[in-house]
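Just so it is clear, none of the values below were taken in a lab; they were calculated from the coordinates. Source: prediction; values computed, not measured. Neighbour counts are summed over all protein chains in view; Cβ atoms, including those assigned to glycine, are modelled from backbone coordinates with ideal geometry.
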Ligand code: SF4
Ligand code: SF4
């Protein structure tokens, strides 16, 4: 047994600050819990298709051990982890793997990456999708036209390293927030919710039924129909909805090691939402990666005010309704136009224990046939599959899901994650819907 593998007692432990930029983040106890069973490696979708990728055990506990022995640099392979977080759930010893990966990636970008390199510039652009989307959605038709041109795709691939093999997602002609304001904002929602409660004979008040919607970037700029569905479904159960100004949840920033950008975004979100939480609102998200970020990554990585409250009061939208309402009962009486769905549970939904939710909800809904296409990862993992050098890996990971979708009875896909939805559409050509859109059709 080598020195590094000798069991250590608490007493001969020499404390070393591994991540000097984050003094609060001491991951030593978690790292020492690793007993090298390699379960995490066996579930890693990247390691399964990429022989060069050393896997989560190396990225987490082993990098830590190397750092503890000497002042080793972070291994660049941490940038090949897609941040799917499947290794977190797999570890029987509660090693905080994704937290370690996020911290290591942050340190790598901060200390070892050349900020003038093409990789850094590309990753920064992808991680800050919201900034690009804010500009692009001011003139959506023009942006969609330009982004669809072959010359733009070629430029993106050759200059930035963004794959030309994918079609850039189209911006909606009206953002979710524009629709929300035009409809009358929170005042209109309060009125609609009151009317719905009266119709249902529900004697609760708006103080008891109110939620703050975290729409994230994609529902705002690209698929406002998902946000609209959430608002209408919650109002139909008598909930007043508010939509505070917000920033990106930080998901693409964590995945690209842009922790300073993520911290700024988290600070704004924590401040805006924690005030509402104090007033009695819970927070609901339509994207499972956004809810994951607010619930798990914020408190793991940042110690700012409001983060704990936000983590404790955030729910995925359907999860919230299942806890507080008789959603199954409401669907018993409902029906929708006949459709068969091939459902994919995003990795981040699995991490929150939500992977069976859509199937359990819709399997008895009149008009719906739904089939779970299995536990595999879609492979796109947010910005990962948009990187030219990761495209083939992303598609190789997605292959199992594509095959299962094609064998499923349905020819419409369903998922809660916007980038899984892009990958499903890209790999099969299917139309993809969010479960909230089916709920809206059934209940309103
Ligand atoms: S699953 Fe946990 S205990 Fe097993 S090798 Fe991975 S980190 Fe270590
Ligand atoms: S987060 Fe996903 S890609 Fe990264 S090491 Fe864990 S399982 Fe592998």
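Each Cα pair under 8 Å and six or more residues apart adds its sequence gap; the mean of these over the residue count of the range 55-126 is a relative contact order of 32 percent. Note on the range 118-160: Cα Rg divided by 2.2 N^0.38 Å, N the number of residues, gives 1.21.
Kirkwood radius for the range 347-444, taken over all pairs of different Cα atoms as the inverse mean of 1/r, rounds to 14.0 Å. For the range 176-324, the percent of C-alpha pairs falling in each 5 Å distance bin, counted from 0 to the bin holding the largest distance, reads 2, 10, 20, 23, 20, 13, 7, 3, 1, 0, 0. Going by neighbour counts of Cβ atoms within 10 Å, the residues 243, 46, 438 line up, fewest first, as 243, 438, 46.
I'd like the distance between the alpha-carbon centres of the range 213-242 and the range 384-419, rounded to an integer number of Å. Taking the Cα centre of the range 384-419 as reference, the centre of the range 213-242 is 25 Å away.
Using a cutoff of 8 angstrom between alpha carbon atoms and counting only pairs six or more residues apart, the relative contact order for the chain works out to 14 percent.
Computed over the range 141-194, the convex hull of the alpha-carbon atoms projects to a mean area of 5.2 nm². Note on the chain: the C-alpha convex hull projects to 22.0 nm² when averaged across all orientations. Counting only DSSP H runs of at least 4 residues, each contributing -39500 (n - 2.57), and dividing by the residue count of the chain, the helix-based mean residue ellipticity at 222 nm comes to -13500 deg cm²/dmol.
Using C-alpha pairs under 8 Å with a sequence gap of at least 6, the mean separation divided by the residue count of the range 176-324 gives a relative contact order of 24 percent. Here the chain carries DSSP beta bridges of which approximately 5% are antiparallel, counting only pairs with both residues inside. Going from the residue with the fewest nearby Cβ atoms within 10 Å to the one with the most, 131, 163, 383 rank 131, 163, 383.
Tell me whether the range 230-288 comes out rounded, prolate or oblate; compute the Cα gyration tensor, take square roots of the eigenvalues as a ≥ b ≥ c, and use a/c under 1.5 as the rounded threshold. Verdict is oblate for the range 230-288.
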